Amino acid sequence: DGDDLTRLIGGAQRSRTLIPPVLAAEIALEAATALEHAWSAKDIEGRPLNIVHRDISPQNIMLRRDGVVKVVDFGIARAANLVSKTLTGQVKGKLSYMPPEQLLGTKVDWRADQFSLGVVLWELCTCDRLIKPGTSHLDLIETTTKKPMEDPRVVEPSIPDDIAKIILKMGERDADDRYASWQEIKDDLSAFIKNTDQEDTAPTIAQLQEELIGDELDKKSKEATSA
(Lines give C-alpha, C1' and ligand atoms only; values in the text may rest on other atoms or scores of the structure.)
Protein backbone atom coordinates (compact mmCIF):
# COMPACT_ATOMS: atom_id res chain seq x y z
CA ASP A 1 0.00 0.00 0.00
CA GLY A 2 1.86 3.06 -1.28
CA ASP A 3 3.56 4.30 -4.43
CA ASP A 4 6.92 5.18 -5.92
CA LEU A 5 8.94 8.38 -5.73
CA THR A 6 7.78 9.49 -9.18
CA ARG A 7 4.28 9.89 -7.78
CA LEU A 8 5.57 11.71 -4.69
CA ILE A 9 7.61 14.18 -6.74
CA GLY A 10 4.64 14.69 -9.05
CA GLY A 11 2.43 15.49 -6.05
CA ALA A 12 4.97 18.06 -4.86
CA GLN A 13 5.09 19.65 -8.31
CA ARG A 14 1.31 19.91 -8.53
CA SER A 15 1.08 21.52 -5.10
CA ARG A 16 4.00 23.82 -5.93
CA THR A 17 5.85 22.81 -2.82
CA LEU A 18 9.25 21.28 -2.14
CA ILE A 19 10.01 17.99 -0.43
CA PRO A 20 11.92 18.93 2.76
CA PRO A 21 15.61 18.09 2.19
CA VAL A 22 15.77 16.23 5.50
CA LEU A 23 13.00 13.87 4.34
CA ALA A 24 14.73 13.45 0.96
CA ALA A 25 17.87 12.52 2.90
CA GLU A 26 15.93 10.01 5.02
CA ILE A 27 14.56 8.33 1.89
CA ALA A 28 18.04 8.22 0.32
CA LEU A 29 19.51 6.82 3.55
CA GLU A 30 17.04 3.93 3.59
CA ALA A 31 17.62 3.23 -0.11
CA ALA A 32 21.40 3.29 0.46
CA THR A 33 21.00 0.78 3.29
CA ALA A 34 19.07 -1.55 0.97
CA LEU A 35 21.64 -1.24 -1.81
CA GLU A 36 24.48 -1.84 0.64
CA HIS A 37 22.74 -5.03 1.74
CA ALA A 38 22.49 -6.21 -1.86
CA TRP A 39 26.14 -5.45 -2.56
CA SER A 40 27.37 -7.20 0.60
CA ALA A 41 25.06 -10.23 0.35
CA LYS A 42 26.80 -13.62 0.22
CA ASP A 43 26.05 -16.93 -1.44
CA ILE A 44 25.58 -20.24 0.35
CA GLU A 45 29.36 -20.72 0.53
CA GLY A 46 29.95 -17.29 2.04
CA ARG A 47 31.29 -15.59 -1.08
CA PRO A 48 30.22 -11.98 -1.68
CA LEU A 49 27.63 -11.68 -4.44
CA ASN A 50 28.41 -8.00 -5.09
CA ILE A 51 24.95 -7.37 -6.54
CA VAL A 52 24.57 -4.13 -8.51
CA HIS A 53 20.97 -3.03 -9.11
CA ARG A 54 21.83 -1.06 -12.29
CA ASP A 55 18.37 0.53 -12.60
CA ILE A 56 17.94 2.85 -9.62
CA SER A 57 15.38 5.54 -10.42
CA PRO A 58 12.35 7.15 -8.74
CA GLN A 59 10.17 4.40 -10.24
CA ASN A 60 12.13 1.71 -8.42
CA ILE A 61 12.10 3.26 -4.96
CA MET A 62 8.76 2.74 -3.27
CA LEU A 63 7.25 4.35 -0.20
CA ARG A 64 4.92 2.20 1.82
CA ARG A 65 2.03 4.18 3.24
CA ASP A 66 3.55 4.02 6.71
CA GLY A 67 6.71 5.66 5.34
CA VAL A 68 8.88 2.56 4.98
CA VAL A 69 11.22 2.81 1.97
CA LYS A 70 11.62 -0.15 -0.38
CA VAL A 71 14.05 -0.65 -3.28
CA VAL A 72 12.32 -2.82 -5.88
CA ASP A 73 12.77 -4.37 -9.33
CA PHE A 74 16.15 -6.08 -9.38
CA GLY A 75 15.22 -7.40 -12.82
CA ILE A 76 18.45 -6.33 -14.53
CA ALA A 77 20.73 -6.62 -11.49
CA ARG A 78 23.91 -8.62 -11.88
CA ALA A 79 26.10 -10.39 -9.36
CA ALA A 80 29.80 -9.85 -9.97
CA ASN A 81 30.67 -13.51 -9.41
CA LEU A 82 28.19 -14.78 -12.01
CA VAL A 83 29.17 -15.17 -15.63
CA SER A 84 26.96 -12.96 -17.77
CA LYS A 85 27.36 -11.13 -21.04
CA THR A 86 25.49 -8.19 -22.52
CA LEU A 87 25.26 -7.79 -26.27
CA THR A 88 27.59 -5.13 -27.62
CA GLY A 89 25.83 -1.78 -27.69
CA GLN A 90 22.93 -2.99 -25.55
CA VAL A 91 22.29 -0.67 -22.61
CA LYS A 92 19.92 -1.72 -19.86
CA GLY A 93 18.18 0.53 -17.37
CA LYS A 94 16.83 4.08 -17.51
CA LEU A 95 19.28 6.32 -19.36
CA SER A 96 18.51 9.48 -17.38
CA TYR A 97 19.80 7.90 -14.16
CA MET A 98 22.77 5.98 -15.51
CA PRO A 99 26.36 6.81 -14.54
CA PRO A 100 28.92 7.50 -17.28
CA GLU A 101 30.54 4.07 -16.98
CA GLN A 102 27.23 2.30 -17.54
CA LEU A 103 26.31 4.48 -20.51
CA LEU A 104 29.71 3.78 -22.04
CA GLY A 105 29.37 0.04 -21.52
CA THR A 106 32.38 -0.33 -19.23
CA LYS A 107 32.53 -2.38 -16.04
CA VAL A 108 30.23 -1.23 -13.23
CA ASP A 109 30.21 -1.89 -9.51
CA TRP A 110 28.21 -0.57 -6.54
CA ARG A 111 29.33 2.97 -7.36
CA ALA A 112 27.01 2.90 -10.38
CA ASP A 113 24.06 2.56 -8.00
CA GLN A 114 25.58 5.36 -5.90
CA PHE A 115 25.52 7.71 -8.92
CA SER A 116 21.93 6.79 -9.78
CA LEU A 117 20.79 7.30 -6.18
CA GLY A 118 22.54 10.68 -6.26
CA VAL A 119 20.42 11.65 -9.27
CA VAL A 120 17.28 10.52 -7.43
CA LEU A 121 18.27 12.59 -4.39
CA TRP A 122 18.92 15.58 -6.70
CA GLU A 123 15.38 15.26 -8.05
CA LEU A 124 13.83 14.78 -4.61
CA CYS A 125 15.44 17.99 -3.38
CA THR A 126 14.67 20.09 -6.46
CA CYS A 127 11.36 18.46 -7.49
CA ASP A 128 12.70 18.76 -11.02
CA ARG A 129 14.40 16.49 -13.55
CA LEU A 130 18.17 16.49 -13.86
CA ILE A 131 17.94 15.30 -17.47
CA LYS A 132 14.98 17.11 -18.92
CA PRO A 133 12.28 15.13 -20.78
CA GLY A 134 12.81 15.26 -24.53
CA THR A 135 16.59 15.34 -24.30
CA SER A 136 18.04 13.31 -27.16
CA HIS A 137 20.08 10.20 -26.38
CA LEU A 138 23.14 11.86 -27.90
CA ASP A 139 22.79 14.97 -25.74
CA LEU A 140 22.09 12.83 -22.65
CA ILE A 141 25.25 10.79 -23.16
CA GLU A 142 27.28 13.93 -23.91
CA THR A 143 26.03 15.64 -20.73
CA THR A 144 26.47 12.66 -18.43
CA THR A 145 29.86 11.50 -19.66
CA LYS A 146 31.59 14.84 -20.27
CA LYS A 147 30.08 17.39 -17.90
CA PRO A 148 29.89 17.52 -14.08
CA MET A 149 26.51 17.05 -12.45
CA GLU A 150 24.61 20.33 -12.26
CA ASP A 151 24.64 21.83 -8.77
CA PRO A 152 21.09 21.40 -7.40
CA ARG A 153 21.38 24.84 -5.75
CA VAL A 154 21.31 26.39 -9.23
CA VAL A 155 17.80 25.02 -9.66
CA GLU A 156 16.69 25.49 -6.05
CA PRO A 157 18.85 27.96 -4.06
CA SER A 158 17.19 26.99 -0.75
CA ILE A 159 18.82 23.54 -0.76
CA PRO A 160 21.28 23.35 2.19
CA ASP A 161 24.96 23.27 1.28
CA ASP A 162 25.58 20.04 3.20
CA ILE A 163 23.03 17.97 1.26
CA ALA A 164 24.10 19.60 -2.03
CA LYS A 165 27.70 18.50 -1.37
CA ILE A 166 26.54 14.92 -0.72
CA ILE A 167 24.58 14.87 -3.98
CA LEU A 168 27.48 16.24 -6.01
CA LYS A 169 29.94 13.75 -4.52
CA MET A 170 27.60 10.85 -5.27
CA GLY A 171 27.23 12.21 -8.80
CA GLU A 172 30.90 12.63 -9.66
CA ARG A 173 31.60 11.68 -13.27
CA ASP A 174 34.61 9.54 -12.32
CA ALA A 175 33.59 6.63 -10.09
CA ASP A 176 36.88 6.94 -8.16
CA ASP A 177 35.86 10.44 -7.05
CA ARG A 178 32.59 9.26 -5.51
CA TYR A 179 32.19 7.95 -1.98
CA ALA A 180 34.41 4.98 -1.20
CA SER A 181 31.70 2.97 0.59
CA TRP A 182 27.98 2.88 1.27
CA GLN A 183 28.85 3.42 4.94
CA GLU A 184 30.43 6.79 4.16
CA ILE A 185 27.29 7.84 2.30
CA LYS A 186 25.09 6.71 5.17
CA ASP A 187 27.29 8.53 7.69
CA ASP A 188 27.04 11.84 5.80
CA LEU A 189 23.29 11.50 5.25
CA SER A 190 22.78 10.61 8.92
CA ALA A 191 24.88 13.59 10.01
CA PHE A 192 22.85 15.92 7.79
CA ILE A 193 19.59 14.57 9.21
CA LYS A 194 20.86 14.84 12.79
CA ASN A 195 22.17 18.38 12.34
CA THR A 196 19.05 19.71 10.62
CA ASP A 197 16.83 21.69 12.95
CA GLN A 198 13.31 20.34 12.68
CA GLU A 199 10.23 21.91 14.17
CA ASP A 200 7.96 19.78 16.30
CA THR A 201 5.36 20.08 13.55
CA ALA A 202 7.70 18.86 10.78
CA PRO A 203 6.07 16.05 8.78
CA THR A 204 7.31 12.48 8.62
CA ILE A 205 7.74 10.66 5.31
CA ALA A 206 4.35 9.02 5.80
CA GLN A 207 2.67 12.35 6.60
CA LEU A 208 4.26 14.05 3.60
CA GLN A 209 3.09 11.26 1.31
CA GLU A 210 -0.42 11.52 2.76
CA GLU A 211 -0.43 15.26 2.26
CA LEU A 212 0.82 15.18 -1.32
CA ILE A 213 -0.80 12.06 -2.78
CA GLY A 214 -3.14 10.67 -0.10
CA ASP A 215 -6.21 10.93 -2.36
CA GLU A 216 -4.41 9.03 -5.13
CA LEU A 217 -3.37 6.31 -2.69
CA ASP A 218 -6.95 5.98 -1.46
CA LYS A 219 -8.18 5.58 -5.04
CA LYS A 220 -5.45 3.04 -5.81
CA SER A 221 -6.29 1.07 -2.68
CA LYS A 222 -10.00 0.96 -3.51
CA GLU A 223 -9.30 -0.19 -7.06
CA ALA A 224 -7.05 -2.97 -5.76
CA THR A 225 -9.68 -4.07 -3.27
CA SER A 226 -12.47 -4.17 -5.85
CA ALA A 227 -10.37 -5.93 -8.51
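The values are calculated or read from the model by the stated rules, or taken from the named source; none is laboratory data. Worth saying up front: this structure is predicted, and the values here are computed from it rather than measured. Just so you know, the surface numbers come from the protein's heavy atoms only, side chains and all, with ligands and any DNA or RNA stripped out. Shrake-Rupley method; radii C 1.70, N 1.55, O 1.52, S 1.80 Å.
Things to note:
- Rg(Cα)/(2.2 N^0.38 Å) for segment 91-217, N = residue count: 1.15
- Panel values: the chain, Kirkwood radius from alpha carbon pairs, Stokes-Einstein at 10 °C and 1.306 mPa s, translational diffusion coefficient 87 µm²/s.
- The mean of 1/r over all pairs of different alpha-carbon atoms in segment 1-41, once inverted, gives a Kirkwood hydrodynamic radius of 11.7 Å.
- Shape call, segment 140-179: gyration tensor on alpha carbons, a/c limit 1.5: oblate
- In the context of the full set of protein chains, residues of the chain present 53 Å² of accessible surface per residue (probe radius 1.4 Å, heavy atoms only).
- Relative contact order (%) - criterion: Cα under 8 Å, at least six apart; region: the chain: 27
- C-alpha long axis of helix 182-195 to longest principal axis of the chain, angle in °: 20
- Taking one quarter of the surface of the C-alpha convex hull of segment 168-227 gives a mean projected area of 7.3 nm².
- For segment 117-183: span of alpha carbons on each principal axis (Å, largest first): 34, 29, 15
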